[in-house]
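In what follows, a single structure is set out as structure tokens and then discussed.
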Amino acid sequence: MRDAVYLFHPNSLNYVFGQNHPFDQRRITLTRDLLRTAGAFPTDGAILPADRLDEELLHAVHVPEYVERVKALSEPAPDDGLVGDAQKYGLDTDDTPFFPGMHRSAEIIAAASVAAAKLVMDGDARHAVNLAGGLHHAMPQRGSGFCVYNDASIAISFIRKQYGARVLYVDTDVHHGDGVEMSFYSDPGVYTYSIHETGKYLFPGTGLVEQRGEGEGFGCTVNLPMEPYTEDDSWLECFGSVLDDVLRKAKPDIIVSQHGCDAHALDPLAHVHCSMKIYREMPRMLHEAAHAYCGGRWVALGGGGYDIWRVVPRAWALLWMEMSGHPLLRQIDADPKLRLPREWLERWGPESPEELPETWLDDPASWSPMPRRAEIEAKNRRAAELASMYLR
Ligand SMILES: [Zn+2]
């Protein structure tokens, strides 16, 4: 059995909504190059997943009418009539505009997430990552929030149907994981746990702690909304305490986690104020949980992350190093000022519009505490206590 597998398909880089759109796949290349220059990319390379997805798997999550419309709008010059009602399917918004080749690239991203799930469930790998995945806002009948096909839901429904395994989905993106929650809202075999900035101020506006699932799945949906300007310690305290309670209750056979890294203070689309510390600590907690509860079975997906230069490459490289047990992590833990590889900084520094950070972690000394810190921490703690109480 392999310990950790890194999946990558070059066509996932064609999942591009257009120039100047915040969803920028160069972050996948930047992450890979950071790992390579740090000597942490797998020596036998990335695994290339199949580039087709069984239509049945797609239809298990998305209604056929939506899939047909995605396909039609992926043509170089779609029919005027189809373009006219694209909005009905969420595909002509500023956030999620249709583009040529959309179906193929979204299909390939989902195929990679399914391949990751299969490797882990078959026992061919303990852990697997698909950084192009984590498109958690896509709904059964429409696209939403930069997401066309919900690869996370597709991979989880594959696990449910193929193996009958119990799944814990953990969504650490700063935006509520609404699409995945919706897919399994009444399924007692899937727990979804999303920590996010409160929907009072941020897209998609949902994810209240009181949203707990329905029918047989009541109690299996767990939401932990954080206040704007939440910092590391409060985020980690709340995330960790509720994670423990979810694990005990859910008794999962596998963890599927989503690693949007837009809760960082530098992210331009949200207001949470965490540093790289949470992207070091949180993957460690999930890794330990996978071994403690699931025989190691852990699939990690990417997600949001819109500071593609200063945040995403470091966060996702830390995730992979945790997953693969790379020894560089011990050095980073011992020396929080450990520098990024010079080769990476020299190559990308000139291309980055912002000055690149030089260290793996952010310097806490350069981090001034937010105003109202105590009030924010108290509100977050109340949300976590409520989420935990619901799990009892
Ligand atoms: Zn996000």
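Could you compute the net charge surrounding SER275? Neighbours are other residues with a C-beta less than 10 Å from the C-beta of SER275; K and R count +1, D and E count -1. Walk me through the intermediate numbers first.
Details: positive: LYS277, ARG280; negative: GLU231, ASP232, ASP362, ASP363.
Its environment carries a net charge of -2.
Take the alpha carbon gyration tensor of the stretch 311-379, find the square roots of its eigenvalues, order them as a ≥ b ≥ c, and report rounded if a/c is under 1.5; if not, report prolate when a/b exceeds b/c, else oblate.
Values: a/c = 2.18, a/b = 1.41, b/c = 1.54.
Because a/c hits 1.5 or more and a/b fails to exceed b/c, the stretch 311-379 counts as oblate.
Got a sec? Charge dipole of the chain, +1 on Cβ for Lys and Arg, -1 for Asp and Glu; which of TRP298, LEU224, HIS175 is way out at the positive end?
Working it through, the farthest residue towards the positive pole turns out to be TRP298.
Over the chain, give the accessible area per residue in Å² for a 1.4 Å probe, as an integer. Write out the running numbers ahead of the final one.
On the way: 15390 Å² over 392 residues.
Heavy-atom SASA per residue in the chain reads 39 Å².
Kindly sort THR43, THR221 by accessible area of their heavy atoms, largest first, with the probe set to 1.4 Å.
Details: THR43 150, THR221 5 Å².
Accessible-area ranking of THR43, THR221, largest first: THR43, THR221.
So for GLU75, GLU231, GLU377, what's the accessible-area order with a 1.4 Å probe, most first? Could the numbers behind the result be given before it?
Working: GLU75 100, GLU231 20, GLU377 55 Å².
From most exposed to least exposed: GLU75, GLU377, GLU231.
MET121: accessible area at probe 1.4 Å, nearest 10 Å²?
Counting only protein heavy atoms, MET121 exposes about 40 Å² to solvent.
Do the sum for the chain: with -39,500 (n - 2.57) for every DSSP H run of n ≥ 4, divided by all residues, what is the mean residue ellipticity at 222 nm, to the nearest 500 deg cm²/dmol? It would help to have the intermediate numbers written out before the result.
On the way: 13 runs with 152 residues, N = 392.
Taking each H run of at least 4 residues, the total per residue is -12000 deg cm²/dmol.
Quick one: dipole size for the chain, taken about the Cα centre, charges +1 on Lys/Arg Cβ and -1 on Asp/Glu Cβ, in debye to the nearest 20.
The dipole of the chain has a size of about 900 debye.
Ignoring ligands and nucleic acids, what accessible area does SER144 show with a 1.4 Å probe (Å², nearest 10)?
Near enough 10 Å² of accessible area.
Once you have the alpha carbon radius of gyration of the stretch 84-159, what is it after dividing by 2.2 N^0.38 Å, with N set to its residue count? Working shown, then result.
On the way: Rg = 13.6 Å, N = 76, 2.2 N^0.38 = 11.4 Å.
For the stretch 84-159, the normalised Cα radius of gyration comes out at 1.20.
Quick one: dipole size for the stretch 103-226, taken about the Cα centre, charges +1 on Lys/Arg Cβ and -1 on Asp/Glu Cβ, in debye to the nearest 20.
Values: 9 positive and 13 negative charges, 40 e Å.
Using Cβ point charges on Lys, Arg, Asp and Glu, the stretch 103-226 gives about 200 debye.
Around ALA365, with a cut-off of 15 angstrom between Cβ atoms, what is the net charge of the other residues, counting Lys and Arg +1 and Asp and Glu -1? Each step should come with its number before you reach the end.
Numbers: positive: LYS277, LYS337; negative: GLU231, ASP232, ASP335, GLU358, ASP362, ASP363.
Counting the neighbours of ALA365, the net charge comes to -4.
Taking H as built 1.01 Å from N, whose amide H comes closer than 5 Å to the amide H of MET226, not counting residues under 5 places away?
HIS196, GLU197, THR198
Could you pull out the trypsin sites (Lys or Arg not before Pro) across the stretch 138-216 that fall in loop regions by DSSP (anything but H, G, I, E, B) with no more than 14 other Cβ atoms inside 10 Å?
Working: sites: ARG142, ARG160, LYS161, ARG166, LYS200, ARG212; in loops: ARG166, LYS200, ARG212.
Hits after loop and neighbour filter: LYS200.
Set Lys and Arg Cβ to +1 and Asp and Glu Cβ to -1, take the dipole of the stretch 321-392 about its Cα centre, and tell me which of LEU338, ALA378, PRO364 lies farthest positive.
Of LEU338, ALA378, PRO364, it is ALA378.
Within the chain, what percent of beta bridges assigned by DSSP are antiparallel, to the nearest 5?
Working: 4 of 34 bridges.
Of all bridge pairs located within the chain, approximately 10 percent are antiparallel.
With each pseudo-label sitting 7 Å past Cα toward Cβ, what's the ARG284-LEU338 distance in nm, one decimal?
Distance between the two pseudo-spin positions: 1.1 nm.
Keeping all protein chains in position, work out how much accessible area LEU356 exposes to a 1.4 Å probe, and write it in Å² to the nearest 10.
20
How would LEU243, LEU266 rank on accessible area, largest to smallest, probe 1.4 Å?
Values: LEU243 5, LEU266 65 Å².
Descending order: LEU266, LEU243.
So how far apart, in nm, are the two label points at LEU208 and LEU386 if each is 7 Å from Cα heading toward Cβ?
The answer from the label model is 0.8 nm.
Under 1.5 on a/c is rounded, so check that first for the chain, then, if it is not, pick prolate when a/b is larger than b/c and oblate when it is not; a ≥ b ≥ c are the square roots of the alpha carbon gyration tensor eigenvalues.
Details: a/c = 1.29, a/b = 1.13, b/c = 1.14.
Verdict is rounded for the chain.
Where nothing but the Cβ of Lys and Arg (+1) and of Asp and Glu (-1) is charged, how large is the charge dipole of the stretch 147-296 around its Cα centre, in debye to the nearest 20?
It comes to approximately 520 debye.
Given points 7 Å out from each Cα along the Cα-Cβ axis, report the ASP244 to TYR163 separation in nanometres with one decimal.
2.7
State which helices in the chain qualify, where a helix is a whole DSSP H run, it must extend 15 Å or more along its own axis by its Cα atoms, and its mean Kyte-Doolittle hydropathy must be at least -0.5.
Details: long enough: 26-37 (16 Å, -0.64); 102-121 (29 Å, 1.04); 151-163 (17 Å, 0.12); 232-250 (26 Å, -0.10); 277-293 (24 Å, -0.76); 312-324 (18 Å, 0.54); 373-390 (26 Å, -0.79).
Length and hydropathy pass: 102-121, 151-163, 232-250, 312-324.
So for the chain, averaging the separation of alpha carbon pairs under 8 Å that are six or more residues apart and normalising by length, what relative contact order in percent results?
Details: 811 pairs, mean separation 68.8, N = 392.
Once normalised by length, the contact order is 18 percent.
Starting from 0.36 nm per residue, how many nanometres of slack lie between GLU346 and ALA374 once their C-alpha separation is accounted for? Provide the component values of the computation, followed by the final result.
Details: separation 28, 0.36 × 28 = 10.08 nm, distance 4.03 nm.
Here the segment from GLU346 to ALA374 would lengthen by 6.0 nm.
Going 7 Å from the Cα of ASP124 along its beta-carbon direction, which residues of the stretch 252-284 have the amide nitrogen within less than 20 Å of the resulting point?
Only 254-257 fall inside the zone, counting backbone N under 20 Å.
Run the numbers for GLU355 and LEU236: contour at 0.36 nm per residue of separation, minus the present Cα-Cα distance, in nm.
Working: separation 119, 0.36 × 119 = 42.84 nm, distance 2.74 nm.
Contour length minus Cα-Cα distance gives 40.1 nm.
Which shape class applies to the stretch 172-249: rounded if a/c is under 1.5, otherwise prolate when a/b exceeds b/c and oblate if not, where a ≥ b ≥ c are the square roots of the Cα gyration tensor eigenvalues?
Values: a/c = 2.52, a/b = 1.36, b/c = 1.85.
Oblate shape, in that a/c is at least 1.5 and b/c is the bigger or equal ratio.
On the protein heavy atoms, probe 1.4 angstrom, tell me the percent of accessible surface of the chain carried by carbon and sulfur.
Details: 7770 of 15390 Å².
Carbon and sulfur together cover 50 percent of it.
What are the ³J(HN,Hα) couplings of the stretch 124-138, residue after residue, when phi is run through the Karplus curve with 6.51, -1.76, 1.60 and θ = phi - 60°? Round to Hz, x for glycine and proline.
After applying 6.51 cos²θ - 1.76 cosθ + 1.60, I find 7, 8, 6, 9, 8, 10, 10, 5, 6, x, x, 7, 7, 8, 4 Hz.
The values are calculated or read from the model by the stated rules, or taken from the named source; none is laboratory data. Keep in mind it's a predicted model, so treat the numbers as computed, not measured. Glycine also receives a Cβ, built like all others from the backbone with ideal geometry; neighbour counts cover every protein chain displayed. The protein model used for the area step is the full one, side chains on, heavy atoms only, and it has no ligands, DNA or RNA in it. Shrake-Rupley method; radii C 1.70, N 1.55, O 1.52, S 1.80 Å.
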